[in-house]
Amino acid sequence: SQKIEQNSEALNIQEGKTATLTCNYTNYSPAYLQWYRQDPGRGPVFLLLIRENEKEKRKERLKVTFDTTLKQSLFHITASQPADSATYLCALPPRPGGYNKLIFGAGTRLAVHP
Amino acid sequence: EPEVTQTPSHQVTQMGQEVILRCVPISNHLYFYWYRQILGQKVEFLVSFYNNEISEKSEIFDDQFSVERPDGSNFTLKIRSTKLEDSAMYFCASSEGSGVQFFGPGTRLTVL
């Protein structure tokens, strides 16, 4: 079955720097991969979706890459701010082409210090 | 902006009692989901619902769990006889079918 690996250690960075978070999956390449933000005690909030035929997707200060050869997605936040501090979750469908449920990684906690 | 809402925000119950968690998905969405997150753990899929029936359920979603869309706007999760290990955050989500899911703020269920 598909497994998702995200760095379980918190990422601490200085305000203004670029944060880079990694998501690796172990099995087949999914039709798409998503990134969500989760604040403590709150539900996940959708950020970006990248499809298998897309190498890169951008939205404001966010950028996601998808390398199906490496089975890896990278999530970048440029010019980071303390308000970006949260846990970032990688999620993907469990089956090739599946559009139903999502399986989530454990998330990486990002702390941006002033 | 449309959003998924959930009530109550916190539910405390005694072991063995029934609880109903309520959700109002985004109005033009067709796919509905329940997930749960035990404190400090991953978000886990419970069940998906489409066209007034369950489309998929996980092994967690046993006979103690049921879902219903009673009136075209609400989507409920019922746990018939709660156990201590059911204590978790329960998230409702909805989707129009693109794969992107919009999550509610969650209900924190505490079973004593």
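So here's what we get for this one:
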read-out	value
Accessible area per residue, Å², chain A with all protein chains present, probe 1.4 Å	48
Of A:K55/B:K57; A:K17/A:K63; A:K3/B:K57; A:K59/B:K57, pairs whose Cα-Cα distance is over 23 Å	A:K55/B:K57; A:K59/B:K57
Interatomic Cα distance distribution for region B:5-95, bins of 10 angstrom, percent	17, 54, 27, 2
Efficiency of FRET from Cβ geometry, A:E60 and B:I60, R₀ 30 Å, rounded to 0.05	0.25
Label-point gap, in nm, between B:S98 and A:E52 - each point 7 angstrom along Cα→Cβ	2.0
A:K3 paired with B:Y50, simple spin-label distance in nm, labels 7 Å along Cα-to-beta-carbon	2.9
Reciprocal mean inverse distance between Cα atoms of chain A - Kirkwood radius, Å	14.1
Radius ratio Rg over Rh of the protein assembly as shown, counting only Cα atoms, Kirkwood formula for Rh	0.97
Dipole in debye (nearest 20) - chain A, about Cα centre, beta carbon charges: Lys, Arg +1; Asp, Glu -1	240
For chain A, the longest site-free run once GluC sites (Glu not before Pro) in DSSP loop states with at most 11 other Cβ atoms within 10 Å are removed	A:61-114
GluC sites (Glu not before Pro) restricted to DSSP loop in region B:49-101 with at most 16 other C-beta within 10 Å	B:E59, B:E96
Point-charge dipole on Cβ atoms (K/R +1, D/E -1) for the protein assembly as shown, about Cα centre, debye to 20	400
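The values are calculated or read from the model by the stated rules, or taken from the named source; none is laboratory data. Keep in mind the model is a prediction, meaning the values are calculated, not measured. Every residue, glycine as well, gets a Cβ built from its backbone with ideal geometry; the counts of neighbours run over all protein chains shown. The accessibility values were calculated without ligands, DNA or RNA, using every heavy atom of the protein model including side chains. Shrake-Rupley method; radii C 1.70, N 1.55, O 1.52, S 1.80 Å.
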